[in-house]
Each structure stands twice: as C-alpha cells, then as structure tokens.
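Below is one structure; the comments refer to it alone.
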Amino acid sequence: MSRRAPAALVLLAVLAACPPGFAQTPWVLLARRALGKVQQLTQDQNGKTPGFEVATVLLDAPAARVYATAVAMVRRNQAVQIVGEDPAHYRLQIAQGPRQGSLSVTPLGENLSQIMIAANVIAGQDSTASRMTDAVLRVCREMHKQCSVTQ
C-alpha cells in the first residue's frame, strides 16, 4: 500500500467526525481530490490471526443512493448470499462459499460517501483483493462514476 493510502484513510476518519457545516472547508475540498480513487489494503494471515482484504473509494453521491445501488447489485449476484443487513447504518454482510465479507457505506457529507468492502483471507486460497477492488469498481460503473485503482 502506498504512503498516501494511510494518510487518506486518516483524512477520511477526520472528515467523518466533522460537523455538517464543515462541508466547504479546505479539508473537504482536499478530500474531493480523492474522489474515485480506489484504495486497497491486504493483511495476510499470520499464524492464528486472520487476514483481511479491503477496497475503498470516495464517491460524490449520497450514502443512501450508494448503499441502495450496492445492495441491488449483490441481490442480482446469484453466487453471493446476504447473511446480514443493517440499512439504517448502510452495512451489509455477505458470503460466497466459505468466504465472508462486509460492505459499508459512510456518509461524509450530503453528496459525499465512502464505500468500503472487506473480506477475510483464508489460508491456502487465492487472494480476494482483486475481487474486492472489482466490486468497488462495479459499483462505480453502476452509478456512472469514474473510478480508478491507485498504486
């Protein structure tokens, strides 16, 4: 993961804690430069500590719309099962065979949201990092947003 990725994640956490009137401050304007840039993070399994893979992106759309789009896409995918749903907090738990994953949409402003998709890493199985990234990119395409993977 690049050095910019942890800084972007810290910036997102700071923005999530800001009051609504904070919307046009330099921090939010700076965050808007990160729109559509998909970030990836992978942590391999280490002994008994499970690993995980995450993909996230900022979208210039209301959280409710991003969540509704993602849920509709999951419901159309016959290979994935919904095992838990919390629409009030824009969270979804999914499974595909032995793999478990979560989808979360965080409202960062009236028309600014972060979508995050995470999955567990199972020892001896192929990485799901590209699947997480592809899922985020599919949500972008479905919403007609231009997104790209950062290196």
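FYI, it's all coordinate maths here, none of it is from the lab. Since we're looking at a predicted model, the values are computed, not measured. Cβ placement follows ideal geometry from the backbone for every residue including glycine, while neighbour counts extend to all protein chains displayed.
One table, with the values for the structure above:
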{"read-out": "Dipole axis of the stretch 48-151 (+1 Lys, Arg; -1 Asp, Glu on Cβ), positive-most option in P87, Q146, V74", "value": "V74"}
{"read-out": "Residues whose placed amide H lies under 5 Å from that of A61, excluding near-sequence neighbours", "value": "L112, S113"}
{"read-out": "Amide proton proximity set for I94, modelled H, under 5 Å, gap of 5+", "value": "V83, G101, S102, L103"}
{"read-out": "Neighbour-count ranking [beta-carbon atoms within 10 angstrom, fewest first] of M116, M73", "value": "M73, M116"}
